[in-house]
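The values are calculated or read from the model by the stated rules, or taken from the named source; none is laboratory data. If you're wondering where the values come from, they're calculated on a predicted model, not measured in any experiment. Quick reminder, even Gly has a Cβ in these numbers, built from the backbone with ideal geometry, and neighbours come from all protein chains shown. In case anyone asks, the SASA skips ligands and DNA or RNA and just uses the protein heavy atoms, side chains included. Shrake-Rupley method; radii C 1.70, N 1.55, O 1.52, S 1.80 Å.
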Amino acid sequence: MENNHNYNYFNSVLFTFLVTLASLFVLSLGQGTRVGFYSRSCPRVESIVQSTVRSHFSSDRAIAPGLLRMHFHDCFVQGCDGSILIDGPNTEKTAGPNLLLRGYEVIDDAKQQLETVCPGVVSCADILALAARDSVVLAGGPGWAVPTGRRDGRVSLASETSNLPGFTDSIDVQKQKFQDKGLNTQDLVTLVGGHTIGTTACQFFRYRLYNFTSTGGADPSIDAAFLPTLQSLCPADGDGSRRVGLDNGSENRFDSAFFSKLRDGRGILESDQKLWTDDSTKSFVQRYTGLLGLRFNVEFGRSMVKMSNVEVKTGSDGEIRRVCSAVN
């Protein structure tokens with residue numbers, strides 16, 4: 001009987017592994033992107049990006065969440081085309097949701113090195129996608145095979161950043177914004193969970209702490225025992241730009257603790273805490289907190305591959321920018 005049990009267990013594990021592998025393979029094909037796109041034209045691309053991210057991370061751990069969030073913000077506007085990197089008036093970079101992004105110098109550094117080794121070959125959009133993955137790994141998270149072959153966009157407009165999920169968005173609005181990009185409810189919960197490494201500014205959630213209902217009270221969804229901690233971090237008359245960990249207690253570290261905190265009323269952003277109050281998203285939060293539920297690390301990699309193929313430009317579309325901050 002024991003041998004039978006072991007045999008069945010092995011088959012179950014093997015089946016799960018093969019299904020996951022097959023799913024990742026299908027996802028990796030994307031819309032004209034593929035894993036190993038530069039295997040002949042620039043075989044060192046991944047090692048160069050990886051070493052560059054590691055070098056910057058060693059002196060500033062906040063680079064990891066910065067690069068991950070930058071990739072997320074890039075993909076939701078004009079698709080994953082590196083348009084977030086372009087300098088100039090009224091570009092995406094100047095829009096309110098992007099003002100606190102960081103890590104541009106990492107992409108510029110990697111691009112400069114790659115232009116020396118294989119000029120005009122690797123897109124800035126691909127560098128950003130690879131750097132986001134490498135950032136997660138350095139923060140203690142999973143790795144995944146990144147499909148490449150994106151080309152860089154030529155258009156960057158601050159006015160189009162309304163596509164980005166906002167910190168006061170209802171669940172219906174969040175779901176619609178993700179659905180518009182071909183991402184489902186599970187992707188929403190998974191990607192939000194992964195993007196809570198790092199910090200946010202008091203100005204984005206302080207309104208929840210003092211006069212949320214216009215009667216002087218705090219947001220009732222905040223755990224009463226946690227409220228004084230948040231109020232001490234963000235006093236009513238304090239500095240709105242002060243940074244606070246989104247995953248309080250494990251910021252800059254990739255883990256699934258965020259989901260338990262939502263269950264306990266300890267989500268920092270209103271839009272995050274709402275994931276626990278809507279049945280369609282709550283079910284995924286619960287599955288990420290349970291021992292027998294979804295494996296967050298595996299699902300995060302899958303959702304990142306899916307997101308990184310949103311509205312990508314390939315083939316003759318777009319360009320390969322020589323400098324990531326400017327169109328050719």
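If you check every pair at least six apart or on different chains, which have Cβ atoms under 9 Å apart with a residue in segment 100-121 that is of a type in the set (Phe, Trp, Tyr) first and a residue that is crowded, with 18+ Cβ neighbours inside 10 Å and part of a helix (DSSP H, G or I) second?
Listed by first residue and then by second, the contacts come to 104/66; 104/70; 104/84; 104/85; 104/93.
Identify, please: which residue in segment 222-232 is over 14 Å from residue 264 (Cα atoms) and in contact (Cβ under 8 Å) with a residue 12 or more places away in the chain and is, among those, least open to solvent (accessible area, probe 1.4 Å)?
Out of the qualifying residues, it is 230.
Can you tell me which residue in segment 290-312 is surrounded by the fewest Cβ atoms within 10 Å (Cβ to Cβ), limited to those that are of a type in the set (S, T, N, Q) and out of contact with any Gly (no Cβ under 7 Å at 6 or more places or on another chain)?
303
Where the second residue is among the hydroxyl-bearing types (Ser, Thr, Tyr) and open to solvent by less than 60 Å² (accessible area, probe 1.4 Å) and the first is within 14 Å of residue 309 (Cα to Cα) and lies in segment 170-189, which pairs have Cβ atoms under 7 Å and are six or more apart or on separate chains?
Listed by first residue and then by second, the contacts come to 187/303.
Every residue in segment 293-328 that is aliphatic (A, V, I, L, M), in a loop (DSSP other than H, G, I, E, B) and more than 30 Å from residue 185 (Cβ to Cβ), please.
Matches in segment 293-328: 320, 327.
Do we have residue 280 as open to solvent by 30 Å² or more (accessible area, probe 1.4 Å), in contact (Cβ under 8 Å) with a residue 40 or more places away in the chain and in contact with a Ser or Thr (Cβ under 8 Å, 6 or more places away or on another chain) here?
Here the answer is yes, as residue 280 does meet what is asked.
Just checking, does segment 133-148 include any residue being in contact with a Ser or Thr (Cβ under 8 Å, 6 or more places away or on another chain) and open to solvent by 50 Å² or more (accessible area, probe 1.4 Å)?
Yes: segment 133-148 contains one or more residues that are in contact with a Ser or Thr (Cβ under 8 Å, 6 or more places away or on another chain) and open to solvent by 50 Å² or more (accessible area, probe 1.4 Å).
Among the residues in segment 253-267, are any in contact with a strand residue (DSSP E or B) (Cβ under 6 Å, 6 or more places away or on another chain) and closer than 21 Å to residue 209 by Cα?
No.
Would you mind telling me which numbered condition in (1) among the small types (Gly, Ala, Ser); (2) open to solvent by 50 Å² or more (accessible area, probe 1.4 Å); (3) at negative phi residue 315 fails?
With (1) among the small types (Gly, Ala, Ser); (2) open to solvent by 50 Å² or more (accessible area, probe 1.4 Å); (3) at negative phi applied to residue 315, the lone miss is (3).
Mind listing just one residue for me: the one in segment 112-140 that is of a type in the set (Gly, Ala, Ser) and part of a helix (DSSP H, G or I) and, of those, farthest from residue 325 (Cα to Cα)?
135
Can you find, within segment 79-111, the residue that is least open to solvent (accessible area, probe 1.4 Å) among those that are acidic (Asp, Glu) and either part of a loop (DSSP other than H, G, I, E, B) or in contact with a Phe, Trp or Tyr (Cβ under 8 Å, 6 or more places away or on another chain) (or both)?
Only one residue tops the list, namely 81.
Looking at segment 53-78, which of its residues are open to solvent by 10 Å² or more (accessible area, probe 1.4 Å) and closer than 16 Å to residue 134 by Cβ?
54, 55, 56, 57, 58, 59, 60, 61, 62, 69, 72
Pick from segment 233-272 the residues that are closer than 18 Å to residue 202 by Cβ and of a type in the set (Asp, Glu): which of them is surrounded by the fewest Cβ atoms within 10 Å (Cβ to Cβ)?
The qualifying residue surrounded by the fewest Cβ atoms within 10 Å (Cβ to Cβ) is 237.
Out of all the residues in segment 112-132, which are over 18 Å from the mean Cα position of the chain (by Cα), among the small types (Gly, Ala, Ser) and open to solvent by less than 40 Å² (accessible area, probe 1.4 Å)?
Passing the criteria: only 123.
Looking only at residues that are touching a helix residue (DSSP H, G or I) at 6+ places or on another chain (Cβ under 8 Å), part of a helix (DSSP H, G or I) and surrounded by fewer than 18 Cβ atoms within 10 Å (Cβ to Cβ) in segment 152-180, which one is modelled with the lowest pLDDT?
Here the residue is 163.
Checking residue 268 against (1) part of a loop (DSSP other than H, G, I, E, B); (2) touching a residue at least 40 places away in the same chain (Cβ under 8 Å); (3) more than 22 Å from residue 140 (Cα to Cα), only one condition comes out false. Which one?
Among (1) part of a loop (DSSP other than H, G, I, E, B); (2) touching a residue at least 40 places away in the same chain (Cβ under 8 Å); (3) more than 22 Å from residue 140 (Cα to Cα), the lone unmet condition for residue 268 is (3).
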